[in-house]
Amino acid sequence: MSEITIGIDIGSGAVKTVLFRGEQWLAKRVERIRRRDPLELARQGFDEVLEEAKLKEKDVSYTATTGEGENVKFATGHFYSMTTHARGGVYLNPEARAVVDIGALNGRAIYIDERGKVLSYKMTSQCASGSGQFLENIARYLGVAVEEIGTLSKTSKNPEKVSSICAVLAETDVINMVSRAIATPDILKGIHISMASRLVKLLKVTGITKGTVLLTGGLALDAGLLAALQEELVNEKISGLTAVSHPDSIHAGAIGAALWGAFRHRKLAELQSRAAA
Amino acid sequence: MKCFIGIDLGSTTTKAVVIDESRSVLGRGITNSRSNYDTAASIAKQEAMVAARFHLFREALAKGGALNGGLEDFIAQLERDFRLEQFLEQLADLEQVCGRNVANARFGDAAKGVAAALVEVFKRLREEAPTLFAPGAKRKSDFFRDIAGSRYLAVSEQVAKDAGLRYDMLLNVFDRSIIEVENRVYADAVKGHLLDALERTFVALPGTRKFAEKIRNPIQSVIDTALEETYVVGTGYGRARLPFSKEHIRSEILCHGLGAHVMYPSTATVLDIGGQDTKAIQVDKHGIVESFQMNDRCAAGCGRYLGYIADEMNMGLHELGPLAMKATKTVRINSTCTVFAGAELRDRLSLGEKREDIMAGLHRAIILRAMSILARSGGIRNEFTFTGGVAKNEAAVKALTGLVRENYGELTLNINPDSIYTGALGGATFAWRAVMEEGKAAEHREAA
Amino acid sequence: MSTKENRVTEIISRCSALFEDLEFGAVKKWKAAAPGRKAIGYMPVYVPHEIVHAAGMLPVGIFGGGDQLEVIQGDAYYQSYICRIPRSTVELGLTGRLDCLDGMLFPSTCDVIRNLSGMWQIMFKNKYVRYVDVPQDYDDAVGGQFYIHEMQQIREDLGKLAGRPVTDEALRASIVVYNAHRKAIRDLYAYRAAKPWQAPTAEVYLLLRAGCVLPPEEHTRLVHDYLAACETQQRPKRDNARVVVTGPFCEQPPLGLIKSIEMSGCYIVDDEFMLAFRWLMDEVEETGDPMQALSKAFLHRSAQSSSKYDARKEDKGRFLLHQVKSRGAEGVVFAAPSFCDPALLERPMLQEILARHKIPYTAFKYAENTGQMAPIREQAGTFADSIKLWSAA
Amino acid sequence: MNTAVKKQVQKEDAMWLQKELINRNYHELATAREHNRKVSATFVPGNLNELLMCFDFARSLPETNALQNGMRKKSGKMIMDAERDGHSEDVCTYVKADLGMMLQGQVGPTGDPLPHPDILLLSYTGCFTFMKWFELVRQKYNCETVMLHVPYQGDGKVSPAMRDYVVKQLKEKVIPSLEKVSGVKFDIDRLRQYMRESVKAEENLVRVLQSAKQRPSPIDGYFGAVYYIGPMFTAFRGMPEATRYYDTLWAEVEQRMREKKGPVTPEGEIAEEKYRLVVEGPPNWTSFRDFWKMFADEGAVVVASTYAKVGGVYDFGFRHDPERPLESLAEYCLGCYTNLNFPQRIDMICRYMDEYQADGLLINSIKSCNSFSAGQLLILREVEKRTGKPAAFIETDLVDPRYFSAANVKNRLESYFQMIKQKRTAGAH
């Protein structure tokens, strides 16, 4: 019987937890942090996936964390998030040759091969006006639920671009837009475009030229962002790339962690049996 | 009576000050700046006018002598009761808007459950409202968005859990409703609220009821006095968007310089830490600006930084300073980038640093940045006046006091609890000058 | 008690104390040991230390304020888009911490350091200040002649400051001292590349930084001591990726960042930290005209760095490729200071060359006071993961 | 024909001449290959135009291309493209605009294609980035490159050793390379002839710039001067056409001086000169007109700027000298504004404040340009201290539209002007 592994991805916006039996995915949870303690939410997610899979803690062979999960006490091991997103990305979509992960603070573009090997990657640095956190703040300000952002953005006719690089000043830009009666969809689309443009830049820097790009992370299901990304790829004449999402994209990091956890577990078991022999 | 008004439209809060012909401050008003600048300006002004009425109540009641000894308690109770009245009206409004929004949202089968939960949430909110305004009660903020928001979050999480509903949905309803409610000006309701509040106060302080008429009359006459908006001057970050003519607009640098000078005539250096910018201003003995420096295109180290931290820590902005004061050491924080503040905070927490020590470090980091801008503007001279929202934060003040002493030696440091109104006070003084000194006509202030 | 095992700890804690001492106590102590002693500061990148030494003075490396210095006044002179090192250096100066220096040499690094030389002239009117221009033309008859003129000027200035001219004899003697110093540093680098688990870079770095404030003779001995001490103990060898770190030739990363790179699974087997000590790559001629010898060493046998011009297209990247190949590195980490023009403009050129040679690389930026290590760990960790997990596959 | 109409025609003369010069140069570049002409590229500070002309090069100046693209709002995309190609957000946007233009297929600002240069003359004067810029171009397009290292005036003076070094490089490196690439033999008399033309134009340029000492100033010494220095600092110095341009320009300015008229801006004439400013730092090109308007609307006239000296400081007496051609070229390169040390730059600004009777100093700090910007806050403080006049500080960029925050700049400028006004009224009491 295959081993049970749990992957926990602690992002700055949400905590994602999955449970696997070998390559078989049995349970998942996602909990937005919204001013709560991520470590408690990690424990909560852990308990809940076990409950869903009707398993006990002692059945778990390996609990792997990723993201900001280095301090989870009950974890067996930790993997770096680009390693896990790459693996999780290929699991979700075997065609994927790049994974773009838009977290609350940082965006990452990871160029991978068909086995999920990371070929190169690029992460955003400093100044986060193009981040998920920023989009979420603005959406809250505009009274738009996170799930609606995409739908609204896609109706935009005249997107209004955000010029400031500093997120705080960009907030003011947006407030100014509202006072100038710019429509909500145009504001959201404007933010989507500036995010997409950053992501395309990251992708280009990784050196990928063709193949499927899978969006992962919290914003992967934002249809507006996906649309903006596709448009940017066309604008930038990088026609060899196709951006797609997956209903479970948000879990990519956690999935990768669980799968790598299984890999390490087998390795450790092997070492142990060798030591015993 | 003639009123001279200064409005300081900042990035996070909008402030208004009303002064009379003898340049005494009648009232101050503050609200959170919102997407609609006209509304923010109107509400701040209205709040200042309400404060002016309270000021006049106090004067009139003192003259009447009915409340010998109990005047301050009475006014304080009246003010709390007035706030409660205001709060309840807005809460009712919010409930209505929320109800409408549930109907419009695509919640599918869940809609019914959400609607029911909302009724329960608002019932609880209404019930607990008086405790929020009870004597000695601590509120995280004075703005409806913040008070209602934080209580709504807490109450609805519980209600959602009990009802087996998704918490997200309730949050969503709130998010899409609050903006509409907070952009409403309840100007017509003020008089009514004042009178209703008065009745509440008589209940709360039964001893005063026997002087009811002696109290009601002067109050009624103050309410009936027309407060004429003689001249308005706008300033602040968003001043260009105020519906005022150029004549009625001054740069915030000039207003802060003058405002600080009015409060402390010997002021030489002014530091203002606002939401998105930090200003260091040097003024001469007449309050005229000699030089100034502002932060650059990066908003690191501004007041908004503390806002992010408060969010991250799930605390009210008012609570940060007191927590930092408990520190036994100061953790060195190097990043004053607002957006990354949360990440840095988590980093430090995960290294096992204590919350209060990190807080002390964060406050110090902001002040260090301000010290640099001060150094850029030519340093600190005696007397030094610290203004802006952050001046109310005791931990920031403590860090500043220490650093000023280390770098510039002993000098007079002026910090006033009302310092957030410095720019508006400068504006009001410019308004007063325009009419009283330059003989400008009280031309119409607000275009439609 | 000084057992063999804790000799390394002893050396490193001494270095660490020197590194953390922003008051430059070691320099003050050196000056106080004999009357009339003078010390001359220099910023990162090359200046001819031999001339300072030959004038009987202590060359002091001023490598910024690190992450422990609170910068207040220094920030007043710089916009947010300028790197950190000039502001912390100004802070050190304005707070009196550099009062123990009798002069400052500003190497030809970039426009920021160049401009700082003039600012220093204005801010510290009583101190000797000189911008040291180095030729970007590498012919003995053209650039060499100019460079000898430039060095001659410094030699005369320092002679005046010292109260006696700097003789050829003294210069030759200093060349001998520095040849020994360079040899020791080369040995140190070779040792670390061979056994990176025995000499972690966080230690090597502290040891190098001690050379900023110690006389070269003493520093040479210290390096020898450290190497000897390292051999007396066995430390656990980890399954790490071997990397060359390039970019930090001027503003230095915080020590925590160097540790973070190692903790996330990388062994640093070559780097650009403290390149000033390794600028001249082999021995300088110890006989003959010392100025000619120094000039020739600079023109023909000095390190390649982004602050130097490559006369021919094919020269670009040679030094880095050599580092990778000779040290058996598996990849390159570009760690550039934010807003560092030389390193950041050079980076795409070097990356293209590495790609051509199929050498993996990763890149990030830092500042000397970077506080958040999580993104650094994530990037360096992923890089190490991808080398380790997949290199055999 | 009445005088008003005549004036208008005159005014158009200089502008029209300049426009024609620029367009013709881009056309020459575009057709260089078909005419078998070799193409050179070099930088504005220390540009050896007369020397390049001796070898019949069609002359390209990458900085000018970038700024022209900036003014035409094309640079933003180019910069993004270069960043996507791996260039850092932190570095000079001129470089990225240039490399971005090459990535987009090397179409110049006027829409004419620009050929890849046959030779990059790396006049390394006053800017570190120049060196990396041409290394980058060389690596990508394999162009022949010749370095002319111009030592920095670290001590505030030009020593004979510095001059000799530059002359030696000219003789032994630059001229032989230019000969080799162009196939034209160097003729020193031809160089002398061009330099004679240069001197004539230089005289008139100085007259024009110094006309701003008059009240009201007939010109704007920053926004307007950007146009006036164009031919001199680029591919035209030494050409008779440039001499003609400056003759015409000076005649126009003289006329305005006689009529006591203020500067002409794109929005019309400035009616009342309310503030006289000295400006330090390059302008922003992507919002050039909006930027200028913020000054013009408030009646602020720039009477002198350091940027107008970036391609040569002529107003303190330097002229190209046909009698000592190579030495004088060397001195020209060594004397460019950004090759001066800090005390010299501060002296120069203080002198302008005094001679042009300015009300204050404004520093436009450019993110891209460390050569200008690193340490400008010290300049600000020193000038305030020495002149007693108020100084102000704003931040923009050359050609990166992301770094021009109109609201931000306007806020600071307004505050600054109001402050000068308030001080002035207070002083009058």
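The values are calculated or read from the model by the stated rules, or taken from the named source; none is laboratory data. Every value quoted in this text rests on a predicted model; they were computed, and no experiment measured them. Glycine gets a Cβ as well: all are built from the backbone with ideal geometry, and neighbour counts include every protein chain shown. Note: areas computed on protein heavy atoms with side chains; ligands, DNA, RNA excluded. Shrake-Rupley method; radii C 1.70, N 1.55, O 1.52, S 1.80 Å.
If you check D:352, D:314 for being under 16 Å from the mean Cα position of the chain (by Cα) and more than 14 Å from chain C (Cβ to nearest Cβ), only one passes: D:314. Only one of the numbered conditions (1) part of a strand (DSSP E or B); (2) without any contact (Cβ under 8 Å) to a residue 60 or more places away in the chain is not met by residue C:117, and that is (1).
Are any residues in the stretch D:245-282 crowded, with 23+ Cβ neighbours inside 10 Å and assigned to a loop (DSSP other than H, G, I, E, B), and if so, which ones? Across the stretch D:245-282, the qualifying residues are D:263, D:281, D:282. One residue stands out in the stretch A:224-239 among those that are open to solvent by 30 Å² or more (accessible area, probe 1.4 Å) and touching a residue at least 24 places away in the same chain (Cβ under 8 Å): the one that is farthest from residue D:81 (Cα to Cα), namely A:226. The condition of being more than 24 Å from residue D:75 (Cβ to Cβ) and at the interface with chain C (Cβ under 10 Å from one of its Cβ atoms) holds for only one of D:144, D:135, that being D:144. The set of residues from the stretch D:147-160 being open to solvent by 20 Å² or more (accessible area, probe 1.4 Å), within 28 Å of residue C:112 (Cβ to Cβ) and either facing another protein chain (nearest Cβ under 8 Å) or not β-branched (Val, Ile, Thr) (or both) comprises D:155, D:156, D:157, D:159. Of note, residue C:77 does not satisfy the criterion of being within 10 Å of chain D (Cβ to nearest Cβ), within 24 Å of the chain's Cα centre (by Cα) and not aliphatic (A, V, I, L, M).
With the structure loaded, tell me whether residue A:64 is among the hydrophobic types (A, V, I, L, M, F, W, C), at pLDDT 90 or above and out of contact with any Phe, Trp or Tyr (no Cβ under 7 Å at 6 or more places or on another chain) or whether it fails that test. Criteria not met by residue A:64. The number of residues in the stretch B:270-294 that are buried (at least 24 other Cβ atoms within 10 Å of the Cβ), closer than 19 Å to residue B:382 by Cβ and either of a type in the set (Val, Ile, Thr) or touching a Pro at 6+ places or on another chain (Cβ under 7 Å) (or both) comes to 4.
Output the residue which, of all residues in the stretch C:306-342 that are aliphatic (A, V, I, L, M) and within 9 Å of chain D (Cβ to nearest Cβ), is least open to solvent (accessible area, probe 1.4 Å). Top of the filtered list is C:336. Total residues in the stretch A:146-173 satisfying the condition of being assigned to a loop (DSSP other than H, G, I, E, B) and either modelled with pLDDT of 80 or more or surrounded by fewer than 20 Cβ atoms within 10 Å (Cβ to Cβ) (or both): the figure is 9. Considering only residues in the stretch D:63-95 that are outside any loop (DSSP other than H, G, I, E, B) and at the interface with another protein chain (Cβ under 10 Å from one of its Cβ atoms), the one that is surrounded by the fewest Cβ atoms within 10 Å (Cβ to Cβ) turns out to be D:77. Among the residues in the stretch C:157-180, are any open to solvent by less than 10 Å² (accessible area, probe 1.4 Å), of a type in the set (S, T, N, Q) and either within 27 Å of residue C:64 (Cα to Cα) or not in a loop (DSSP other than H, G, I, E, B) (or both)? Scanning the stretch C:157-180, I find at least one residue that is open to solvent by less than 10 Å² (accessible area, probe 1.4 Å), of a type in the set (S, T, N, Q) and either within 27 Å of residue C:64 (Cα to Cα) or not in a loop (DSSP other than H, G, I, E, B) (or both), so the answer is yes. Among the residues making up the stretch B:392-411, those that are over 18 Å from residue B:275 (Cα atoms) and either outside the structural domain of residue B:331 (by TED's automatic domain parsing) or aliphatic (A, V, I, L, M) (or both) are B:399, B:403, B:404, B:411.
Taken together, the residues in the stretch C:78-118 that are crowded, with 24+ Cβ neighbours inside 10 Å, closer than 22 Å to residue D:92 by Cα and among the aromatic types (Phe, Trp, Tyr) amount to 1. Annotation: of all residues in the stretch D:177-187 being more than 28 Å from residue D:230 (Cβ to Cβ) and part of a helix (DSSP H, G or I), the one that is least open to solvent (accessible area, probe 1.4 Å) is D:179. Would you confirm whether any residue within the stretch C:291-312 is hydroxyl-bearing (Ser, Thr, Tyr), under 30 Å from residue D:121 (Cα atoms), assigned to a helix (DSSP H, G or I) and modelled with pLDDT of 90 or more? Yes, the conditions are met somewhere in the stretch C:291-312.
Looking only at the stretch C:361-384, residues that are more than 18 Å from residue B:345 (Cβ to Cβ) and either under 22 Å from the mean Cα position of the chain (by Cα) or more than 7 Å from chain A (Cβ to nearest Cβ) (or both) come to 11 in all. Right, residue C:129: open to solvent by 10 Å² or more (accessible area, probe 1.4 Å), free of Cβ contacts under 8 Å to residues at least 40 places away in the same chain and more than 8 Å from chain D (Cβ to nearest Cβ) or not? For residue C:129, the condition - open to solvent by 10 Å² or more (accessible area, probe 1.4 Å), free of Cβ contacts under 8 Å to residues at least 40 places away in the same chain and more than 8 Å from chain D (Cβ to nearest Cβ) - is met.
Per the listing B:137, B:154, the residue uniquely surrounded by fewer than 16 Cβ atoms within 10 Å (Cβ to Cβ), hydrophobic (A, V, I, L, M, F, W, C), free of Cβ contacts under 8 Å to residues at least 12 places away in the same chain and not in a helix (DSSP H, G or I) is B:137. Scoring residue B:227 on the criteria (1) within 14 Å of chain A (Cβ to nearest Cβ); (2) modelled with pLDDT of 85 or more leaves a single failure, condition (1). Considering the stretch C:191-277, the qualifying helices (runs of 4 or more DSSP H), each wholly inside and each with 2 or more residues that are surrounded by fewer than 20 Cβ atoms within 10 Å (Cβ to Cβ) and of a type in the set (Gly, Ala, Ser), run over C:216-231.
Residue-by-condition table, conditions (1) surrounded by 19 or more Cβ atoms within 10 Å (Cβ to Cβ); (2) within 29 Å of residue B:37 (Cα to Cα); (3) modelled with pLDDT under 90:
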{"residue": "B:350", "(1), (2), (3)": "no, no, yes"}
{"residue": "B:372", "(1), (2), (3)": "yes, no, yes"}
{"residue": "B:379", "(1), (2), (3)": "no, no, no"}
{"residue": "B:382", "(1), (2), (3)": "no, no, no"}
{"residue": "B:387", "(1), (2), (3)": "yes, yes, no"}
{"residue": "B:400", "(1), (2), (3)": "yes, no, no"}
{"residue": "B:410", "(1), (2), (3)": "no, no, no"}
{"residue": "B:418", "(1), (2), (3)": "no, yes, yes"}
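Let's see how each residue does on (1) more than 14 Å from chain B (Cβ to nearest Cβ); (2) touching a strand residue (DSSP E or B) at 6+ places or on another chain (Cβ under 6 Å); (3) more than 21 Å from residue A:103 (Cβ to Cβ):
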site: A:182; (1), (2), (3): no, no, yes
site: A:187; (1), (2), (3): no, no, yes
site: A:192; (1), (2), (3): yes, no, no
site: A:202; (1), (2), (3): yes, yes, no
site: A:209; (1), (2), (3): yes, no, yes
site: A:213; (1), (2), (3): yes, yes, no
site: A:218; (1), (2), (3): no, yes, no
site: A:225; (1), (2), (3): yes, no, no
site: A:232; (1), (2), (3): yes, no, no
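If the condition is being under 20 Å from residue D:420 (Cβ atoms) and either of a type outside the set (Ser, Thr, Tyr) or open to solvent by 30 Å² or more (accessible area, probe 1.4 Å) (or both), then the stretch B:241-258 contributes B:246, B:247, B:249, B:250, B:252, B:253, B:254, B:255, B:256, B:257, B:258.
Checking A:98, A:75 one by one, the residue that is outside any loop (DSSP other than H, G, I, E, B) and in contact (Cβ under 8 Å) with a residue 60 or more places away in the chain is A:98 and no other.
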